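Notes follow the structure.
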Amino acid sequence: MNIVIAGSIAFDYLMSFPGDFMEHIKPGKLNKLSLSFLVDEMRKQYGGCAPNIAFTLALLGERPVVMGTAGQDFGDYRTWLEVHGVDTSGVRVIPEVFTASFFVSTDRRQNQIASFYTGAMAYARELSFHNLTMPVDITIISPNDPQAMQKYPAECKALGIPYIYDPSQQIVRLDGAALREGVEGADILIVNDYEYELLKDRTGMREADIRAAVKRAVIVTRGEQGSFIWAGGEEIVVPVVPPQQVLDPTGVGDAYRAGLIKGLALGLPWHICGQIGALAATYVLETHGPQAHSYTLAAFGERYKAVFGEDTFTGII
Ligand SMILES: Nc1ncnc2c1ncn2[C@@H]1O[C@H](COP(=O)(O)OP(=O)(O)OP(=O)(O)O)[C@@H](O)[C@H]1O
Ligand SMILES: [Mg+2]
């Protein structure tokens, strides 16, 4: 199964400020803002939707290809991904710029000040499914440069590549026409419940229109309340896998998508695809960062069996 994961590639720089931002912002003196916070902790994490999804899929025994753009600082990240079984041959490095980077400082009250530097991600619009040299059985179009996200669905349709449309946090950056183009003819649409409402608003499509426009399934994730899958005229309710601890939700959505794709690659029924997604998400919840989890496929299968019992998934892995 050739799986191509198209989406952002990014670094996350996470800093902790051991004070309170509000104490340094003086109302009445806001005609000029120049603040510097001395942070005492910084973590640099590998992130971006495409590598996050690909990393979990590789743990689950697939060898997905990441299609995206990164900058001059991609070297270590490429090695990390390759070591973990991700094919980075679809990543184009743009040497003049840095990889997209998310900088966020959090104070002790959980207030945040963040900046997202687009960097190399803006070049994703120059990549094309027409230029891929490998056959593609399925792809996912995940959050990325808005122009790239606008262009990829039409390419997939022209080439007959089944695609999962995953506009998620970029819904706000795409207009109604672009979103409709993505939804219409998608194999699967996946968003969280908040994004689903936003998508309906921006496209003017009603729930019935969206279900009719998507070929196989509409999936709406609902955080700790699980997820819904509408497929073949049926609504399937997928429960969550209770986490042993909740450390950091960053990347749960991406992990769910990886689990889902694993189920699709194995040709499994929808409820099982969703359950694999739910378990993959829970593993991410239990660790810090979107690529800090690790397990073997066998261990994953054991935990799956403990939660959901034996089924066609545990029977074939
Ligand atoms: N607190 C939780 N406990 C158990 N499972 C969870 C929890 N939060 C999320 N999940 C699992 O992850 C899936 C996706 O979560 P969610 O709907 O929050 O995605 P998201 O909003 O896209 O997240 P992200 O912040 O990664 O974009 C859920 O359907 C569920 O299976
Ligand atoms: Mg999400």
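Rule-based calculations on the coordinates, nothing more; no lab input. Computed from a predicted model, the values in this text were never measured in an experiment. All Cβ positions, even for glycine, are placed from backbone atoms using ideal geometry, and neighbour counts span all protein chains on display.
Observations, loosely collected:
- As a length-normalised measure over Cα pairs under 8 Å and 6 or more apart, the relative contact order of the chain settles at 15 percent.
- C-alpha long axis of helix 49-59 to longest principal axis of the chain, angle in °: 50
- Full-extension gain in nm, THR287 to ASP20, via 0.36 nm per residue minus C-alpha separation: 93.5 nm
- Descending by average beta-carbon neighbour count within 10 Å, the peptides 144-156, 185-197, 125-137, 29-41 line up as 144-156, 185-197, 125-137, 29-41, the highest first.
- Taking 0.890 mPa s as the viscosity and 25 °C as the temperature, the Stokes-Einstein diffusion coefficient of the chain based on its alpha-carbon Kirkwood radius rounds to 121 µm²/s.
- The calculated FRET efficiency for the pair ASP76 and GLU197, based on their C-beta separation and a Förster distance of 30 Å, comes to about 0.15.
- The stretch 53-210 shape via C-alpha gyration tensor axes, a/c threshold 1.5: oblate
- The stretch 76-99 and the stretch 1-44: distance between their alpha carbon centers, rounded to Å: 24
- Angle between the chain longest axis and helix 193-203 axis [Cα atoms, degrees, rounded to 10]: 90
- Alpha-carbon centroid distance for the pair the stretch 257-317 / the stretch 212-239, whole angstrom: 17
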